[in-house]
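Before any comments, here is the structure.
The values are calculated or read from the model by the stated rules, or taken from the named source; none is laboratory data. Quantities reported herein were computed from a predicted structural model and do not represent experimental measurements. Ideal geometry is used to build each Cβ from the backbone, glycine not excepted, and the neighbour counts take in all protein chains shown.
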Amino acid sequence: MKYFYLNLVLILTLFIILSQVDYSNAFSLSGPAPTLIPTATPTPTPTQSPPVRLIVPKLSIDTLIEPVSIGVNNIMEVPDDWNKAGWYTKAVKPGETGTAVIVGHFDDQFGKPAIFYYLNQLEAGDKINILTNDDKELGFTVVQKSAYPYWSSINDLMTPDNNKNLILITCAGWWNQNLHSYSERLVVRAVED
């Protein structure tokens, strides 16, 4: 019985409140139209398509590019195929502002030359071309070549500026049998034409 009176009081209170509201224009279609305030529609930032092919005329390289990421032990992956290049998907795509990263093997498991075996022969002014998934060709010009210790972070190799950069990375130095790795990473830097 106690809940009956409590519910009755709540219903009566609600009735009194609602009876005080003016509903005369609530469903009127003849009232003034609302004023619409125009808002700017954001323009989407154009993005590049993923890279699919790498061409380095001086080295007679013309190879497919596959996506790579971070693998076991937080180390950047490389392509399974010794003669393909890999685009590091945690970085920007070639042609976007920032540093795009393309990696490739120096040699295969038998010591025979792989896709980036002759990368050290590139010099400032040499050309690199990237073809994207939408058949766009991007041209880059080599500006620098450097060697870094094998344990260097990928962030250490990035170029902190507002250009559209590309770096090609492969192994260099001497083979360390204990680490199953070369002692250095060769990095060739290029900027978009």
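Among all residues of the range 81-97, there is none that is assigned to a strand (DSSP E or B) and either at pLDDT below 95 or more than 17 Å from Ser49 (Cβ to Cβ) (or both).
Within the range 134-157, the residues that satisfy the criterion of being in contact with a Gly (Cβ under 8 Å, 6 or more places away or on another chain) and surrounded by 17 or more Cβ atoms within 10 Å (Cβ to Cβ) are Leu138, Val142. Does Ile115 satisfy the criteria of being of a type in the set (A, V, I, L, M), in a strand (DSSP E or B) and buried (at least 17 other Cβ atoms within 10 Å of the Cβ)? Taking the combined requirement at face value, the residue does not satisfy it. Inside the range 69-100, residues that are β-branched (Val, Ile, Thr) and under 23 Å from Trp175 (Cβ atoms) make up a count of 3. Identify all residues within the range 62-80 that are charged (D, E, K, R) and either within 23 Å of Trp151 (Cα to Cα) or in contact (Cβ under 8 Å) with a residue 60 or more places away in the chain (or both); write none if there are none. Listed by number, the residues that qualify are Glu77, Asp80. When the residues of the range 147-168 are filtered to those that are part of a strand (DSSP E or B) and out of contact with any helix residue (DSSP H, G or I) (no Cβ under 7 Å at 6 or more places or on another chain), the one that is nearest to Ser69 (Cα to Cα) is Leu166.
Report, by residue number, each residue of the range 121-136 that is outside any loop (DSSP other than H, G, I, E, B) and over 26 Å from the mean Cα position of the chain (by Cα). Across the range 121-136, the qualifying residue is only Gln121.
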